[in-house]
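Here the structure is laid out as structure tokens; the discussion comes afterwards.
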Amino acid sequence: MSAPAANIPAANATHLPAASATRANCALYAGIAGLAATVIGLAVSGNVHAVAMSYLVGISYWTTIAIGMLMLVLIHHIFDAGWSVVIRRQFEHGLAAFKWLFVLFLPLVATAFIGGGDTVWPWMNPAHELLHGHGTVATDILYQKKGAFLNVPMFVGATLVFFAVWIWLSARLRKASFAQDTDGSAKWTTMNRKTAAFGIPMNALALTFAAIFWMKSLEYHWFSTMFGVWYFANCIRAALAFGVFIMVWLTARGDYRGILNKNHWHCIGTLGHAFVIFWAYVTFSQYFLIWNANVPEETFWYNLREHGDWYYIGMLILFGHFFVPFLYLLSFRRKSTASGLLPISIWIAGIILVDLCYNILPALKDAHGDPLPFFSLNLLWVAASVIGVGGICVWAYLRSFATSGAKLIPVRDPRITESLTYHE
């Protein structure tokens, strides 16, 4: 049986107006400019390692958002959710960024084969000298124990698998959802539910090992069993924040007029509030277990981040990542309106970027093995990378929005009427 299309003029729009097409071009130009600035930084900064690490921050940030969007779509289908049907389509457009993120990640993969291989990840070069005269990576007993996992072929192969999983799952979900707009067949809903059943564990494994390879292995002596879950929490929070940005934009320009109501906003706010608490639980558990065990191979990671101005960055994350959004979202009014959710979403999107900097950039160390002070780093290269990769991702979203032929919302989804009339 096919579902009837929702009788909403805005819902049947398939193309961006000229103004939005201009925005897409502006995003593309901004992305190219940011990437060009990053390339220039490699040539003029005198510290290729710092610029490359800044680029890792930028691409990790936008990959975090895309992974979160993919996971939210998968969760929507596995639970056969009704309320989120009207917002799902915008996350599906966001998944178009994965193939471009793959292309943009290739320069980091290439660093494994140039300049000794340790431009970003020290363990890629067996001759890389450890600090304090402790020999080289090749003579390091901890690396020897982890060498079967931390090696260049494994890194390259795993990275290709990660992006293959994300691109393939995204293509399946988008194909079925967009096709349903045309024929209204319930088989597409069934297909996406099946995709979600195996897609959630596949995505969970991919994001966990991606976080380990790309971020945690920067300081390969350290290990944590909570790292993948911490990254998952950030993925969901980042995706929800950018989902709010998209919904506010579409509401302001009139597309979502008559579609979103207070109950939709409340569900988004409540879900975001839940993941604030989840992030705090995971982050505290990681810190407490390491502090309680007091094993030097684990505690050094936090000791480094309590050095210099990184201590204040840690305090900013503690209060900004948890207490500020937790207390803010306790208010029903704030999490039930666009005007209430927008400012805290901006805050969360910013603090997640700081959190990624906190996990990545202390791997840049001075001759004494101390992390370079946060404010001594040329944060211009971080900004350039975030703008460069972000411009391409925003352009990919807008391009999908304009050219995919899909409706604004899934007008023939079996639960579309339930979603349009959703109330708690």
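The values are calculated or read from the model by the stated rules, or taken from the named source; none is laboratory data. The structure presented is a predicted model; accordingly, all values stated were derived computationally and were not measured. Note that each Cβ is placed from the backbone with ideal geometry, even for glycine, and that neighbours are counted across all protein chains shown.
Quick notes
- Within the range 260-289, the set of residues being closer than 20 Å to Leu316 by Cβ and aliphatic (A, V, I, L, M) comprises Val276, Ile277, Ala280, Val282.
- The number of residues in the range 343-402 being among the aromatic types (Phe, Trp, Tyr) and closer than 27 Å to Leu28 by Cα comes to 5.
- Any hit, the range 329-340, residues being of a type in the set (Val, Ile, Thr) and in a helix (DSSP H, G or I): no
- Positions within the range 397-424 being among the β-branched types (Val, Ile, Thr) and over 25 Å from Lys262 (Cα atoms), in sequence order: Thr403
- Taking the criterion of being in contact (Cβ under 8 Å) with a residue 12 or more places away in the chain, closer than 15 Å to Met53 by Cβ and surrounded by fewer than 21 Cβ atoms within 10 Å (Cβ to Cβ), the residues of the range 355-370 that qualify are Tyr358, Ala363, Leu364, Lys365.
- Candidates Gly269, Gly254 - the one that is farther than 30 Å from Trp123 by Cβ and in a helix (DSSP H, G or I): Gly269
- Among residues of the range 169-227, those that are of a type outside the set (Val, Ile, Thr), within 30 Å of Phe300 (Cα to Cα) and outside any helix (DSSP H, G or I), counted: 7
- Per the listing Gly350, Gly320, Gly269, the residue uniquely free of Cβ contacts under 8 Å to residues at least 40 places away in the same chain and surrounded by 15 or more Cβ atoms within 10 Å (Cβ to Cβ) is Gly320.
- Counting the residues of the range 159-195 that are of a type in the set (Gly, Ala, Ser), free of Cβ contacts under 8 Å to residues at least 60 places away in the same chain, closer than 17 Å to Leu207 by Cβ and crowded, with 19+ Cβ neighbours inside 10 Å gives 0.
- Listed conditions (1) buried (at least 16 other Cβ atoms within 10 Å of the Cβ); (2) modelled with pLDDT under 95; (3) not in a loop (DSSP other than H, G, I, E, B) are all met by Lys145, apart from (1).
- Checking each residue of the range 407-423 against the condition of being modelled with pLDDT under 95, under 26 Å from the mean Cα position of the chain (by Cα) and either part of a helix (DSSP H, G or I) or over 19 Å from Val86 (Cβ atoms) (or both) gives no match.
- As a summary of the residue check, Tyr302 satisfies the conditions (1) hydroxyl-bearing (Ser, Thr, Tyr); (2) surrounded by fewer than 18 Cβ atoms within 10 Å (Cβ to Cβ); (3) farther than 30 Å from Asp366 by Cα except for the one numbered (3).
- Looking only at residues in the range 371-392 that are of a type outside the set (A, V, I, L, M, F, W, C) and in contact with a Leu (Cβ under 7 Å, 6 or more places away or on another chain), the one that is nearest to Asp118 (Cα to Cα) is Pro371.
- Test result for Trp279, assigned to a helix (DSSP H, G or I) and either touching a helix residue (DSSP H, G or I) at 6+ places or on another chain (Cβ under 9 Å) or within 26 Å of Leu130 (Cα to Cα) (or both): yes
- When Ile392 is tested against (1) part of a helix (DSSP H, G or I); (2) in contact with a Phe, Trp or Tyr (Cβ under 6 Å, 6 or more places away or on another chain); (3) of a type outside the set (Asp, Glu); (4) at pLDDT below 95, only condition (4) is not met.
- Among the candidates Trp279, Trp214, residue that is crowded, with 19+ Cβ neighbours inside 10 Å, closer than 23 Å to Lys145 by Cβ and modelled with pLDDT of 95 or more: Trp214
- Look at (1) within 24 Å of Ala81 (Cβ to Cβ); (2) within 20 Å of the chain's Cα centre (by Cα); (3) exposed (fewer than 15 other Cβ atoms within 10 Å of the Cβ); (4) not hydroxyl-bearing (Ser, Thr, Tyr) and you find that Phe332 fails only one, number (2).
- Residue in the range 252-268 that is modelled with pLDDT of 95 or more, within 23 Å of Leu356 (Cα to Cα) and among the aliphatic types (A, V, I, L, M) present: no
- Flag for Ile259 being part of a helix (DSSP H, G or I) and β-branched (Val, Ile, Thr): no
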